Structure formats: C-alpha cells, structure tokens
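Student: Here you go, one structure.
The values are calculated or read from the model by the stated rules, or taken from the named source; none is laboratory data. This structure is a prediction, so every number in the text was calculated from the model and none was measured. Every residue, glycine among them, receives a Cβ derived from its backbone with ideal geometry; neighbour counts consider all protein chains shown.
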C-alpha cells in the first residue's frame, strides 16, 4: 500500500503539498524543496516505522553575515513494536496518545527544545 500523493502539511496561511519524489523510498517534497517527508519501514524481530519531516532554509551565516548558507532541521517519529503481541489498533492508539500529549501539554515542546528533561 502506498501513501496518497501528494501529502499535505497544514501550514499557515495555506496547506503545503508534498509531491512523491520516490515511490520505492517513500519520499515526498514540496515544489520549492524547503520541506521533505521521508517514510521508512523495517522488519526483523521487531517492526520499526520512521517518519521524518525536514525543513531547509537559507539564512545569513552568523560568522560571515554578508554570506548566506543553507540550514536544516528535522523531526522524527519512530514507532517500534514487536511483530506479535499488540494489534495494529493498539499501536496506533499508543502513537496517537503520544502525539496528543506533545500537542496538548502547554509549552512542553518549547520546554524540550530549550533542553529541559
């Protein structure tokens, strides 16, 4: 099964479409290549699913302010589970609980980015 093409990010002021750039590798990218989504799966004694969203931008180099350079940041979500023992719905519910926790906890993401643990 393949993910829908394009994928859509809910950004402001309008959604950003990420078109499929590689079906074998599960890669999607915005037309200006500032955002990329990579979906990867592996199976061994456990199954692992990785979703990575990358953002690129050009900004001034702090050491040479008259020159610009490319900067990149990324966010990964990894779902790791045994092949047996949990249903697909239990895995989805657990991942959704985690995402909801990050989304609804006041300031949690800002606290984490600032180095709190």
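Student: Taking the stretch 61-85, which residues are closer than 15 Å to residue 51 by Cβ and part of a loop (DSSP other than H, G, I, E, B)?
Tutor: none
Student: Can you pull out every residue in the stretch 69-95 that is touching a residue at least 24 places away in the same chain (Cβ under 8 Å) and over 22 Å from residue 37 (Cβ atoms)?
Tutor: Those that are touching a residue at least 24 places away in the same chain (Cβ under 8 Å) and over 22 Å from residue 37 (Cβ atoms): 82, 83.
Student: Another question, then. Take the residues in the stretch 67-108 that are touching a helix residue (DSSP H, G or I) at 6+ places or on another chain (Cβ under 7 Å) and within 24 Å of residue 40 (Cα to Cα); name whichever of them is modelled with the lowest pLDDT.
Tutor: Taking the candidates together, the pick is 102.
Student: Between 36, 90, which is under 27 Å from residue 5 (Cα atoms) and outside the structural domain of residue 6 (by TED's automatic domain parsing)?
Tutor: Exactly one residue qualifies, and that residue is 90.
Student: Do we have residue 53 as under 27 Å from residue 82 (Cα atoms) and either assigned by TED's automatic domain parsing to the domain that holds residue 95 or assigned to a loop (DSSP other than H, G, I, E, B) (or both) here?
Tutor: For residue 53, the condition - under 27 Å from residue 82 (Cα atoms) and either assigned by TED's automatic domain parsing to the domain that holds residue 95 or assigned to a loop (DSSP other than H, G, I, E, B) (or both) - is not met.
Student: Out of 14, 42, 22, 66, I need the residue that is surrounded by fewer than 12 Cβ atoms within 10 Å (Cβ to Cβ), out of contact with any strand residue (DSSP E or B) (no Cβ under 6 Å at 6 or more places or on another chain), free of Cβ contacts under 8 Å to residues at least 40 places away in the same chain and under 30 Å from residue 81 (Cα atoms). Which one?
Tutor: On inspection, the qualifying residue turns out to be 22.
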